[in-house]
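This report refers to the structure that appears directly beneath it.
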Amino acid sequence: MQKIEIVKHNATKRQIACKKCGSICNRHSKRKRKVAGLNFKMYEITFSIHYCLKCNKYFSSENVLLTGKGNRFTEAAQSKMVEAYEGRSLESVCIKMMKEHGIKISVSTLYDIIKRRAE
Ligand SMILES: [Zn+2]
């Protein structure tokens, strides 16, 4: 089987405006997470956590265009899953994603993604 390529993506910011009040907030810390994408790619995303003094809230610099919040798969990969589900069983979509894209996904996770995106 094809090897998974790790693609590093830096989404950290030194300062970012609070989405709620617009105050400029400094970086508090950095975090990393992995997101599986199409074509045997695994994105390692580094993002920053910011703290708003005014709202007393933490928020992140994550690129939600690349992937939805907290998701383990890229937006493109999720669209592909939904597309592949047309006329197929969940099990066969899981096998297809593994074979064609190197994405490991369980039937229940796949079901959640399809359900969420159908809403
Ligand atoms: Zn704020």
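Here are a few things to note about the model shown:
- Electrostatic tally near residue 55: other residues with Cβ closer than 11 Å to its Cβ, Lys and Arg +1, Asp and Glu -1, net +4.
- The distance separating the Cα centre of the range 74-118 from that of the range 1-48 comes to 23 Å.
- When Rg and the Kirkwood radius Rh are both evaluated on Cα atoms of the chain, their ratio Rg/Rh stands at 1.07.
- Once backbone amide H atoms are built at 1.01 Å from N, residue 17 has 25 as its partners under 5 Å, excluding neighbours fewer than 5 places away on the same chain.
- When you restrict to C-alpha pairs under 8 Å that are six or more residues apart and normalise by the size of the chain, the relative contact order lands at 23 percent.
- Around the amide H of residue 60, modelled in the peptide plane, lie the amide H atoms of 50, all under 5 Å away and 5 or more residues distant in sequence or on another chain.
Readers should treat all values here as calculations from the given coordinates under stated rules, not as data from a laboratory. Fair warning: this is a prediction, and the values are worked out from it, not measured in the lab. For neighbour counting, all protein chains shown are included, and Cβ atoms are generated from backbone atoms with ideal geometry for every residue, glycine included.
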